[in-house]
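Engineer: Handing you this structure, nothing more for now.
The values are calculated or read from the model by the stated rules, or taken from the named source; none is laboratory data. This is a predicted model, so every value here is computed, not measured. In this analysis, Cβ positions are derived from the backbone assuming ideal geometry, glycine residues included, and neighbour counts consider all displayed protein chains.
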C-alpha cells in the first residue's frame, strides 16, 4: 500500500473567503479620518509659508514639524494601491532629503520613514486584498481560477508565498500582480500583511538611507540597491524551491537503511 506525500502548503479551498470587506474598510476609513483630523489640528497651529518655487517649498518643509510631515507622508502612502496607483518613491525621497528630512540623522530618518511608510503601505495593500476579494465574489471574475495560467501561477506562488510577497514588495514596480495572485489564491491576511510590511520596510529604508546620504542627484541609486536586494533574496529563498525536483520512491531515511 503506497504512502501519499502530504502538501505542506496546500491551496486554500475556493468556497467561502471568510473576509468581512465592509468591516475592514470601516476600520481603515476611521483610522484615516482620525489621522487627517490630527493633521488638520496640527496645521492650524503651524504657520507654513510657501511662495510657489521649489526652493521655498523645501525651506518651508525644513521648518515644518516632523509630526506633520510624517502624517502627510503616511496618509499619502496609505492611499497608494492598485486602484489608485500613485507613485511612492518620490514621496519617500522628499521626506528623506537632508534639508527636509523627518529626522536629524540618517539613522533616525531611515527608521521613521521606513516604519511609517511600511505601516501605511501595508494598510494600502490590505485595501487591495479586500477589494480583490470583493471582486472575486462575482462568479464571472472568479472564473479566472479555472484557467490553466492561474493554476500554474498559483502552484508557483504556493511553493514560497511569504518570501515571494516580500521580494515583490521590495522591487519598485508600478503594479504588483503578486497581490492579486495572493488574494485570488486565498493566502491568509496576517502573513500577507506581515510579508508586505517586511518588504516595504526594506524598500523604504533603502530609499531613505540612500537619499539622505547622496541627495536628490544620486538618490536614484536606491533603485539599483533595491533590485540587488530583491534578486539576492530571490536567489537565496525563492529559486531553490522552484527548481528543486521532488524525489520519487523511498524516502531518504529508508534508502540509507536498505543498503
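Engineer: Here is a check on your reading of the model: is residue 175 at negative phi, in contact with a helix residue (DSSP H, G or I) (Cβ under 9 Å, 6 or more places away or on another chain) and modelled with pLDDT under 90?
Structural biologist: Numbers: at negative phi: yes; in contact with a helix residue (DSSP H, G or I) (Cβ under 9 Å, 6 or more places away or on another chain): no; modelled with pLDDT under 90: yes.
When the stated conditions are applied, residue 175 does not pass them.
Engineer: Another question, if that's okay. Restricting to region 206-223, name every residue that is modelled with pLDDT of 75 or more and either part of a loop (DSSP other than H, G, I, E, B) or closer than 17 Å to residue 167 by Cα (or both). Steps first, please.
Structural biologist: Applying the first criterion (modelled with pLDDT of 75 or more) to region 206-223 yields 206-215.
Result: 206, 207.
Engineer: So which residues in region 71-103 are touching a helix residue (DSSP H, G or I) at 6+ places or on another chain (Cβ under 7 Å), farther than 14 Å from residue 116 by Cβ and in a helix (DSSP H, G or I)?
Structural biologist: 89, 93
Engineer: Residue pairs, Cβ under 8 Å, 6 or more apart or interchain, first in region 163-181 and buried (at least 20 other Cβ atoms within 10 Å of the Cβ), second part of a loop (DSSP other than H, G, I, E, B) and at pLDDT 85 or above. List them.
Structural biologist: Listed pairs, sorted by first residue: 165/187; 176/82; 179/82.
Engineer: On to the next question. Is it fair to say residue 187 is in a loop (DSSP other than H, G, I, E, B) and closer than 21 Å to residue 131 by Cα? If you could, list the steps in order and put the result at the bottom.
Structural biologist: Details: in a loop (DSSP other than H, G, I, E, B): yes; closer than 21 Å to residue 131 by Cα: yes.
Considered against the rule, which asks whether it is in a loop (DSSP other than H, G, I, E, B) and closer than 21 Å to residue 131 by Cα, residue 187 comes out as yes.
Engineer: Is there a residue in region 225-238 that is under 19 Å from residue 87 (Cβ atoms) and modelled with pLDDT of 90 or more? Let's see the steps before the verdict.
Structural biologist: Of region 225-238, the ones under 19 Å from residue 87 (Cβ atoms) are 225-227, 230.
Checking which are modelled with pLDDT of 90 or more leaves us with none.
No, every residue in region 225-238 fails to be under 19 Å from residue 87 (Cβ atoms) and modelled with pLDDT of 90 or more.
Engineer: Of the residues in region 34-44, how many are farther than 15 Å from residue 70 by Cβ and surrounded by 11 or more Cβ atoms within 10 Å (Cβ to Cβ)?
Structural biologist: Adding up the residues that qualify gives 0.
Engineer: Among (1) in a helix (DSSP H, G or I); (2) closer than 30 Å to residue 97 by Cα, where does residue 172 come up short?
Structural biologist: Exception for residue 172: condition (1).
Engineer: Out of curiosity, is residue 126 out of contact with any strand residue (DSSP E or B) (no Cβ under 8 Å at 6 or more places or on another chain) and either at pLDDT 95 or above or assigned to a loop (DSSP other than H, G, I, E, B) (or both)? Don't jump to the end; show me each part of the working.
Structural biologist: Values: out of contact with any strand residue (DSSP E or B) (no Cβ under 8 Å at 6 or more places or on another chain): yes; either at pLDDT 95 or above or assigned to a loop (DSSP other than H, G, I, E, B) (or both): yes.
The answer is yes for residue 126.
Engineer: Name the single residue, out of those in region 130-149 being buried (at least 16 other Cβ atoms within 10 Å of the Cβ) and under 13 Å from residue 185 (Cβ atoms), that is farthest from the chain's Cα centre (by Cα).
Structural biologist: Taking the candidates together, the pick is 136.
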